[in-house]
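*Asks:* Following this message is one structure expressed as C-alpha coordinates.
The values are calculated or read from the model by the stated rules, or taken from the named source; none is laboratory data. Quantities reported herein were computed from a predicted structural model and do not represent experimental measurements. Backbone-built Cβ (ideal geometry, glycine too); neighbour counts: all protein chains shown. Accessible surface areas use protein heavy atoms only, side chains included; no ligands, DNA or RNA. Shrake-Rupley method; radii C 1.70, N 1.55, O 1.52, S 1.80 Å.
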Amino acid sequence: KGRVITCKLLDGTEDIFPAYYSSTCGGHTENSKNVFGDSFVPLIGVPCPYCQDVAKPKHFFWPMIQFDEVDITIRLRERYSQLKQLGKIINITAVDQTEHGEFSRLTKIQLHGSTGKNDFLRAEDFRLTIDPTGRKLRSTICQIVKLSDKWAFFSGRGWGHGVGMCQCGAQGMARDGKNSKQILSYYYPSSKILTMSY
(Lines give C-alpha, C1' and ligand atoms only; values in the text may rest on other atoms or scores of the structure.)
Protein backbone atom coordinates (compact mmCIF):
# COMPACT_ATOMS: atom_id res chain seq x y z
CA LYS A 1 0.00 0.00 0.00
CA GLY A 2 1.26 3.47 -0.88
CA ARG A 3 4.11 2.15 -3.03
CA VAL A 4 4.82 3.07 -6.64
CA ILE A 5 7.33 1.82 -9.17
CA THR A 6 9.48 4.51 -10.75
CA CYS A 7 12.41 5.00 -13.09
CA LYS A 8 14.81 7.71 -14.19
CA LEU A 9 13.56 9.69 -17.17
CA LEU A 10 15.68 11.24 -19.92
CA ASP A 11 15.76 14.58 -18.11
CA GLY A 12 17.22 12.90 -15.03
CA THR A 13 14.09 13.09 -12.87
CA GLU A 14 12.55 10.09 -11.16
CA ASP A 15 8.90 9.44 -12.01
CA ILE A 16 6.20 6.80 -12.32
CA PHE A 17 6.20 4.91 -15.64
CA PRO A 18 3.53 2.65 -17.17
CA ALA A 19 4.10 -0.75 -15.54
CA TYR A 20 2.66 -2.80 -18.40
CA TYR A 21 2.05 -6.52 -18.00
CA SER A 22 0.63 -9.35 -20.07
CA SER A 23 -0.48 -12.92 -19.49
CA THR A 24 2.29 -14.99 -21.05
CA CYS A 25 5.31 -13.47 -22.79
CA GLY A 26 6.30 -16.70 -24.53
CA GLY A 27 9.90 -16.70 -23.33
CA HIS A 28 11.06 -13.07 -23.57
CA THR A 29 9.33 -9.79 -22.81
CA GLU A 30 9.28 -7.09 -25.48
CA ASN A 31 10.67 -3.56 -25.66
CA SER A 32 7.76 -1.15 -25.13
CA LYS A 33 9.02 1.08 -27.94
CA ASN A 34 8.18 -1.68 -30.45
CA VAL A 35 4.65 -2.17 -29.12
CA PHE A 36 3.34 1.10 -27.68
CA GLY A 37 5.84 3.60 -29.08
CA ASP A 38 7.01 4.86 -25.68
CA SER A 39 10.51 4.36 -24.32
CA PHE A 40 11.43 3.65 -20.69
CA VAL A 41 14.60 1.91 -19.48
CA PRO A 42 12.72 -0.68 -17.36
CA LEU A 43 10.67 -1.72 -20.42
CA ILE A 44 13.46 -2.85 -22.73
CA GLY A 45 12.53 -6.55 -22.45
CA VAL A 46 14.11 -9.43 -20.51
CA PRO A 47 14.42 -13.21 -20.98
CA CYS A 48 11.66 -15.13 -19.21
CA PRO A 49 12.42 -18.81 -18.57
CA TYR A 50 9.59 -18.99 -16.02
CA CYS A 51 6.28 -18.79 -17.87
CA GLN A 52 6.46 -21.98 -19.93
CA ASP A 53 6.28 -24.18 -16.82
CA VAL A 54 3.32 -22.24 -15.41
CA ALA A 55 1.12 -21.42 -18.41
CA LYS A 56 -1.22 -24.07 -19.76
CA PRO A 57 0.42 -25.66 -22.83
CA LYS A 58 -2.50 -24.57 -25.04
CA HIS A 59 -1.93 -20.97 -23.91
CA PHE A 60 1.84 -20.99 -24.24
CA PHE A 61 1.73 -22.55 -27.73
CA TRP A 62 -1.38 -21.73 -29.72
CA PRO A 63 -2.68 -23.52 -32.82
CA MET A 64 -2.72 -22.19 -36.37
CA ILE A 65 -5.64 -19.87 -37.06
CA GLN A 66 -6.96 -18.44 -40.32
CA PHE A 67 -8.76 -15.23 -41.28
CA ASP A 68 -10.49 -14.55 -44.58
CA GLU A 69 -8.52 -12.10 -46.73
CA VAL A 70 -11.62 -9.98 -47.43
CA ASP A 71 -12.38 -9.71 -43.69
CA ILE A 72 -8.81 -8.62 -43.00
CA THR A 73 -9.02 -5.87 -45.63
CA ILE A 74 -12.37 -4.65 -44.25
CA ARG A 75 -11.18 -4.57 -40.63
CA LEU A 76 -7.95 -2.78 -41.46
CA ARG A 77 -9.66 -0.15 -43.62
CA GLU A 78 -12.37 0.47 -41.00
CA ARG A 79 -9.79 1.03 -38.28
CA TYR A 80 -7.23 2.97 -40.34
CA SER A 81 -8.77 5.23 -42.98
CA GLN A 82 -5.38 5.86 -44.62
CA LEU A 83 -5.32 2.20 -45.67
CA LYS A 84 -8.25 2.73 -48.04
CA GLN A 85 -5.75 3.98 -50.63
CA LEU A 86 -4.29 0.46 -50.77
CA GLY A 87 -7.49 -1.07 -52.15
CA LYS A 88 -7.57 -4.78 -51.36
CA ILE A 89 -4.75 -6.09 -49.13
CA ILE A 90 -2.95 -8.57 -51.38
CA ASN A 91 0.15 -9.26 -49.32
CA ILE A 92 1.23 -9.03 -45.69
CA THR A 93 4.91 -9.20 -44.81
CA ALA A 94 6.87 -8.90 -41.58
CA VAL A 95 9.48 -6.17 -42.05
CA ASP A 96 10.77 -5.97 -38.48
CA GLN A 97 10.98 -8.44 -35.64
CA THR A 98 12.83 -9.00 -32.39
CA GLU A 99 14.94 -12.16 -32.41
CA HIS A 100 15.02 -14.33 -29.30
CA GLY A 101 16.98 -17.40 -30.36
CA GLU A 102 14.47 -20.10 -31.19
CA PHE A 103 11.64 -17.65 -31.84
CA SER A 104 11.00 -14.06 -32.89
CA ARG A 105 8.28 -11.50 -32.18
CA LEU A 106 6.90 -9.51 -35.11
CA THR A 107 7.09 -5.78 -34.44
CA LYS A 108 6.30 -4.16 -37.80
CA ILE A 109 4.06 -5.29 -40.67
CA GLN A 110 3.99 -4.07 -44.27
CA LEU A 111 0.67 -4.16 -46.09
CA HIS A 112 0.70 -4.37 -49.89
CA GLY A 113 -2.40 -3.15 -51.72
CA SER A 114 -4.02 -3.96 -55.05
CA THR A 115 -3.53 -0.29 -56.07
CA GLY A 116 0.24 -0.76 -55.92
CA LYS A 117 0.57 1.27 -52.71
CA ASN A 118 2.01 0.01 -49.43
CA ASP A 119 1.74 1.03 -45.79
CA PHE A 120 3.03 -0.09 -42.41
CA LEU A 121 1.53 -0.92 -39.01
CA ARG A 122 3.01 -1.90 -35.70
CA ALA A 123 2.47 -5.64 -35.42
CA GLU A 124 0.49 -5.32 -32.18
CA ASP A 125 -1.90 -2.80 -33.80
CA PHE A 126 -2.31 -5.19 -36.73
CA ARG A 127 -3.01 -8.11 -34.36
CA LEU A 128 -5.72 -6.34 -32.39
CA THR A 129 -7.35 -4.98 -35.54
CA ILE A 130 -7.60 -8.45 -37.06
CA ASP A 131 -8.73 -9.99 -33.75
CA PRO A 132 -9.94 -7.31 -31.30
CA THR A 133 -10.59 -9.97 -28.62
CA GLY A 134 -6.97 -11.13 -28.70
CA ARG A 135 -8.26 -14.64 -27.96
CA LYS A 136 -7.43 -16.19 -31.34
CA LEU A 137 -4.43 -14.25 -32.60
CA ARG A 138 -2.92 -14.27 -29.13
CA SER A 139 0.42 -12.60 -29.75
CA THR A 140 2.76 -11.39 -32.47
CA ILE A 141 5.09 -14.34 -31.92
CA CYS A 142 3.96 -16.17 -35.03
CA GLN A 143 4.51 -16.61 -38.73
CA ILE A 144 2.16 -15.42 -41.48
CA VAL A 145 1.43 -17.24 -44.73
CA LYS A 146 -1.21 -16.95 -47.48
CA LEU A 147 -3.40 -20.04 -47.98
CA SER A 148 -5.74 -19.63 -50.96
CA ASP A 149 -8.22 -16.87 -49.94
CA LYS A 150 -7.15 -16.84 -46.28
CA TRP A 151 -4.24 -15.67 -44.19
CA ALA A 152 -2.86 -18.21 -41.75
CA PHE A 153 -0.98 -17.46 -38.55
CA PHE A 154 1.04 -20.36 -37.15
CA SER A 155 3.91 -21.32 -34.82
CA GLY A 156 2.28 -19.04 -32.26
CA ARG A 157 3.40 -18.76 -28.66
CA GLY A 158 2.55 -16.50 -25.72
CA TRP A 159 -0.57 -14.49 -24.98
CA GLY A 160 -0.68 -10.69 -24.99
CA HIS A 161 1.57 -7.80 -26.01
CA GLY A 162 4.54 -9.13 -24.02
CA VAL A 163 5.66 -5.80 -22.51
CA GLY A 164 6.69 -5.48 -18.87
CA MET A 165 5.79 -8.17 -16.36
CA CYS A 166 4.81 -11.62 -17.55
CA GLN A 167 2.02 -12.79 -15.23
CA CYS A 168 2.73 -16.50 -15.66
CA GLY A 169 6.44 -15.77 -15.34
CA ALA A 170 5.86 -13.86 -12.11
CA GLN A 171 3.94 -16.85 -10.78
CA GLY A 172 6.84 -19.10 -11.75
CA MET A 173 9.31 -16.84 -9.94
CA ALA A 174 7.08 -16.81 -6.85
CA ARG A 175 6.99 -20.61 -6.88
CA ASP A 176 10.80 -20.52 -6.92
CA GLY A 177 10.72 -18.45 -3.74
CA LYS A 178 11.23 -14.96 -5.16
CA ASN A 179 9.45 -12.10 -3.37
CA SER A 180 7.51 -9.23 -4.94
CA LYS A 181 10.50 -6.86 -4.94
CA GLN A 182 12.69 -9.42 -6.71
CA ILE A 183 9.99 -10.15 -9.28
CA LEU A 184 9.36 -6.47 -10.05
CA SER A 185 13.08 -5.75 -10.24
CA TYR A 186 13.51 -8.58 -12.72
CA TYR A 187 10.72 -7.60 -15.11
CA TYR A 188 11.33 -3.85 -14.70
CA PRO A 189 15.16 -3.57 -14.54
CA SER A 190 16.62 -0.27 -13.30
CA SER A 191 13.33 0.61 -11.61
CA LYS A 192 12.79 1.61 -7.99
CA ILE A 193 9.93 0.99 -5.59
CA LEU A 194 9.16 4.14 -3.62
CA THR A 195 6.71 4.82 -0.82
CA MET A 196 4.45 7.82 -1.43
CA SER A 197 3.84 10.21 1.46
CA TYR A 198 0.27 11.31 2.14
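*Asks:* When you check Phe120 against the structure, is it part of a strand (DSSP E or B), open to solvent by 40 Å² or more (accessible area, probe 1.4 Å) and in contact (Cβ under 8 Å) with a residue 24 or more places away in the chain, yes or no?
*Replies:* yes
*Asks:* Here's a follow-up. Condition test on Lys136, is it in contact (Cβ under 8 Å) with a residue 60 or more places away in the chain, assigned to a loop (DSSP other than H, G, I, E, B) and surrounded by fewer than 19 Cβ atoms within 10 Å (Cβ to Cβ)? Explain how you work it out, then say what you get.
*Replies:* Values: in contact (Cβ under 8 Å) with a residue 60 or more places away in the chain: yes; assigned to a loop (DSSP other than H, G, I, E, B): yes; surrounded by fewer than 19 Cβ atoms within 10 Å (Cβ to Cβ): yes.
Criteria met by Lys136.
*Asks:* Looking at Gly101 and the list (1) outside any strand (DSSP E or B); (2) closer than 20 Å to Asp38 by Cα, which single condition is not satisfied?
*Replies:* Of the numbered conditions (1) outside any strand (DSSP E or B); (2) closer than 20 Å to Asp38 by Cα, the odd one out for Gly101 is (2).
*Asks:* Given the options Val46, Val41, name the one that is of a type in the set (A, V, I, L, M, F, W, C), under 18 Å from Ser139 (Cβ atoms) and in contact (Cβ under 8 Å) with a residue 12 or more places away in the chain.
*Replies:* Testing whether each residue is of a type in the set (A, V, I, L, M, F, W, C), under 18 Å from Ser139 (Cβ atoms) and in contact (Cβ under 8 Å) with a residue 12 or more places away in the chain leaves just Val46.
*Asks:* Touching a Cys at 6+ places or on another chain (Cβ under 6 Å), in a helix (DSSP H, G or I), within 24 Å of Pro63 (Cα to Cα) and at pLDDT 95 or above - does that describe any residue in the stretch 151-168?
*Replies:* yes
*Asks:* Looking at the stretch 55-74 only, could you name the residues that are in a helix (DSSP H, G or I), within 20 Å of Phe154 (Cβ to Cβ) and open to solvent by less than 90 Å² (accessible area, probe 1.4 Å)?
*Replies:* Residues of the stretch 55-74 in a helix (DSSP H, G or I): 57-60, 69-74.
With within 20 Å of Phe154 (Cβ to Cβ) added as a condition, the list becomes 57-60, 69, 71-72.
Selection gives His59, Phe60, Glu69, Asp71, Ile72.
*Asks:* Something else now. Scan the stretch 90-113 for residues that are of a type in the set (Gly, Ala, Ser) and open to solvent by less than 70 Å² (accessible area, probe 1.4 Å) and jot them down.
*Replies:* Correct list: Ala94, Ser104, Gly113.
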